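Encoded as structure tokens, the structure appears first; notes follow it.
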Amino acid sequence: MITTMRSVLYCQDVWRALSFWQFYFAAKLVDQVPLSDTEKSFVLQLTGGAELALMPKSFLPDEATKLADTAPALMFFCAAATFTQLHGELPGAGDINESGDTQAFSFVDPDGHAFVLATRG
């Protein structure tokens with residue numbers, strides 16, 4: 001049984017990405033992985049079972065650079081109060097759309113990864 005879902009985001013600046021996710025989403029830093037003497041990746045916990053790994057693009061081998069340009073299709077769900085707060089705070093947050101009992105808007109992180117934040121009810 002799957003207990004954790006970890007998405008890897010390839011970032012130009014892992015420190016900037018770390019700040020973004022910690023500031024707006026109160027993501028908890030759960031691991032730092034040394035990749036070389038000067039590079040490291042960070043693992044953030046968003047909820048009990050959802051994690052983001054922030055990996056520097058510069059560390060990818062040439063043959064894997066295509067992976068760095070793929071866009072994750074992730075939709076995060078949160079409480080209504082958090083949804084409203086983040087819609088007002090996230091830079092460039094999209095318009096709120098409604099579908100049934102779900103409200104959602106898009107946002108982009110500092111490296112241009114697109115996400116959707118939603119709430120139900």
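The values are calculated or read from the model by the stated rules, or taken from the named source; none is laboratory data. Keep in mind the model is a prediction, meaning the values are calculated, not measured. Neighbour counts are summed over all protein chains in view; Cβ atoms, including those assigned to glycine, are modelled from backbone coordinates with ideal geometry. With ligands, DNA and RNA removed, areas are computed over all heavy atoms of the protein, side chains included. Shrake-Rupley method; radii C 1.70, N 1.55, O 1.52, S 1.80 Å.
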Point to revise | Antiparallel bridge percentage (DSSP; both residues within the chain; nearest 5) | key: 65
Exercise for review: Output the Cα-based Rg and Dmax of the chain in Å, rounding Rg to one decimal and Dmax to a whole number.
Suggested key: 15.1, 50
Revision key, fill the gap. For the chain, averaging the sequence separation of alpha carbon pairs under 8 Å that lie six or more residues apart and dividing by its residue count, the contact order in percent is 24
Review point. Put a dot 7 Å past each Cα toward the Cβ at A79 and V33; how far apart are the dots in nm?
Key: 3.2
Review point. Mind checking the angle between helix 80-89 and the chain's longest principal axis? C-alpha axes, 0 to 90 degrees, to the nearest 10.
Key: 60
Study note, to complete from the structure: In the chain the accessible area split gives carbon plus sulfur, as whole percent at 1.4 Å, a share of 53
**Study point:** Contour excess over end-to-end distance, with Cα ends at T102 and S19 and 0.36 nm allotted per residue
**Key:** 27.0 nm
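With every protein chain kept in place and ligands, DNA and RNA left out, what is the accessible area per residue of the chain? Probe 1.4 Å, answer in Å².
Value for the chain: 61 Å² per residue.
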